[in-house]
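The values are calculated or read from the model by the stated rules, or taken from the named source; none is laboratory data. All of these numbers come straight from a predicted model, not from anything done at the bench. Note: ideal-geometry Cβ built from the backbone for every residue, glycine included; neighbour counts use all protein chains shown. For accessibility, only protein heavy atoms count, side chains too; no ligands or nucleic acids. Shrake-Rupley method; radii C 1.70, N 1.55, O 1.52, S 1.80 Å.
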Amino acid sequence: MMPFRYEFPYASQRMPVMASNIVATSQPLATQAGMSMLQQGGNAVDAAIAAAITLTVVEPTSNGIGSDGFSLIWDGDRLHGLNASGRSPAAWTPEYIASKYPSLTTMPVRGIDSVTIPGAVSQWVALSKKFGKLPFESLFAAAIGYARRGHLVSPITAASWARQAQMIEEPDFKREFVRDGAPPNAGTQWVYEDQATTLEDIAATKGESFYRGRLAEKMVAHSHALGGVHTLADFANHRADWVEPISVGYRDVRLYEIPPNGQGLAALLCLGILEHCNLAQYPVDSLDSIHLQLEAMKLAFADAYRYIADPAAMDIDVKQLLDRTYLKSRAALIDMSRAGAPTFGIPTQGGTVYLTTADASGMMVSLIQSNYMGFGAGVVVPGTGISLQNRGHGFVRTPGHPNLVAPNKRPYQTIIPAFLSGADGAPLMSFGVMGGHMQPQGHVQMLTRIRDYGQNPQTASDAPRWIVNADGTIGLEQALEASIGQALQAKGHRLAVAEAVNFAFGGAQLIWRTDSGYIAGSDHRKDGHAAGF
């Protein structure tokens, strides 16, 4: 790999953090919770779990105890993948959804019929059992303390809270998170005793209460009170699965992602296309560089939206989509003079929190957990502080589609951790970019900035971003729009109007491994930071 350039040309002037042990998260209190575990003799997994649990309390606008999660773990010798996303209730047939929502063509966005079985708790348990050094219950101390004694709401979290308070109408959400008729302002002390009690229950029972005990009973009872069909069997049957990561080579590095039902495949498809395009010939942030990446991402999403589903329901093998010949054929569709309108190919047959940790022993963790759309379904189980994700909205209702809603099935998931190695398999970087369908696009942008343009992790995070939206329009952060927005429109790209405060461009956390330690970057678009020792 070429050495990094320590230049900082973009608006943020955060410096990269360099240390032998590092935690990088989107909220400072969560970063410190992870650091505390490392300082107590724990490893990177203990730190990641403690930070993840703390984030459910201090950044509820993006995740909660009722979230889903995925992770990639370098244990010092090999990479492991964990899919802790939940499945649909056994009663969720296409006919059930059609009978309750005849006027909708999509799955419900909010409410109890958008809730699949939450998996984040099972992720904490599985990671601790397989890799943790510290007692499981000790990982909850910071989170329980912040819930019971309170913490000051951080500024970007407060802005997101206010925005969602205007959007979400569910009574549960209003009761629990919009107290006294208004969301908390930045600097407001937020106390949530119910969360503290629930986290103590999860810690004491090692997660059993959540899936087979008191908490499961409360979630099922509330589902039935809201007209839902979740059962105790649905919760008891949940499992987190250890999976083999999928990957694609790009120049002299290799990007790893969790296999479907996660959308990491979209990042691999995009990079596999760019592998045939020599992106580095175009200057960083130039019209041609951005145009080429946008076109590759559009092609990747066309395939992702068509094929990604629960692995048991997919009608194509991932290896076929990542075949070099197929990716070369997709790259050939890119016209450097104008924007395309790609459709999916046919290969030859045959509102989220992300964190990363690394320790002096060489262990590295890439972990993500999310309620999906901010506070998720808007369903909060009374007396527990459990806000439930709305991942069921990720299903489609198109007959014959592999992602069609069905019983005991995982939906298309947007949350994805990432990991980078050298061509020899040696670990290089644990990273991720939270933010809906921005995530695979963020993975591509972080990797190409580092590999093709030599930017260090903090500069790569600071750089202005582009995004391909679900409707085919593109979004540009202000610096890019000012410099090349009109030129992209002249090529036929349709630019979306950016909000004054736009959360769509996500938040990155990155840890790069060197021979003598780590170099971390943390996104200025979030409240958090990286810290190390």
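Remarks
- Here the accessible area of region 1-129 is 56 percent carbon and sulfur, with a 1.4 angstrom probe and all protein chains present.
- A Förster radius of 25 Å combined with the Cβ-Cβ distance from Asn469 to Asp252 puts the calculated FRET efficiency at roughly 0.20.
- Considering helices alone, the calculated mean residue ellipticity of the chain at 222 nm is -10500 deg cm²/dmol, with DSSP H runs of length four and up weighted by -39500 (n - 2.57) and normalised per residue.
- Taking the DSSP bridge list for the chain and keeping only pairs wholly inside it, about 95 percent are antiparallel.
- Surface composition of region 291-380: carbon plus sulfur atoms hold 56% of the accessible area, using a 1.4 angstrom probe and ignoring ligands, DNA and RNA.
- Between region 33-103 and region 216-280, the alpha-carbon center distance in angstrom: 11
- Whole-number accessible area per residue in Å² for region 172-319, which is evaluated in the context of all protein chains at 1.4 Å: 37
- Residue-span extension gain [Arg239 to Ala90] - 0.36 nm each, minus C-alpha spacing: 52.2 nm
- Inter-label distance for Arg494 and Asp317, nm, one decimal - labels placed 7 Å from Cα along Cα-to-Cβ: 3.7
- With the highest mean first, a sort of the peptides 301-311, 22-32 on other beta-carbon atoms found within 10 angstrom per residue produces 22-32, 301-311.
- Total lysine pairs in the chain at Cα distances under 19 Å, for residues eight or more apart or on different chains: 7.
- Accessible surface, per residue, of region 383-479 when the full set of protein chains is kept, probe 1.4 Å, Å²: 20
- Computed lengthening from Tyr6 to Thr197, 0.36 nm per intervening residue step minus Cα-Cα distance: 64.1 nm
- For region 431-482, the share of accessible area belonging to carbon and sulfur comes to 50 percent (1.4 Å probe, ligands and nucleic acids excluded).
- Which of Arg239, Arg449 is most accessible, then next, and so on - probe 1.4 Å: Arg239, Arg449
- Working from label points 7 Å from Cα in the Cα-to-Cβ sense, the Arg324 to Arg338 distance is 3.3 nm.
- Using a probe of 1.4 angstrom and keeping all protein chains present, the accessible surface of region 37-85 works out to 15 square angstrom per residue.
- Computed over the alpha-carbon pairs of region 67-139, the distance histogram in 10 Å steps reads 16, 35, 23, 17, 9, 0 percent, short to long.
- With all protein chains modelled, accessible area of Tyr453 [1.4 Å, Å²]: 20
- Amide H to amide H distances under 5 Å link Val243 with Gly81, Leu82, Asn83, where only residues 5 or more positions off or on other chains count and H is placed in the peptide plane.
- Spacing of the two label points (7 Å from each Cα toward its C-beta) at Thr188 and Lys100, in nm: 3.1
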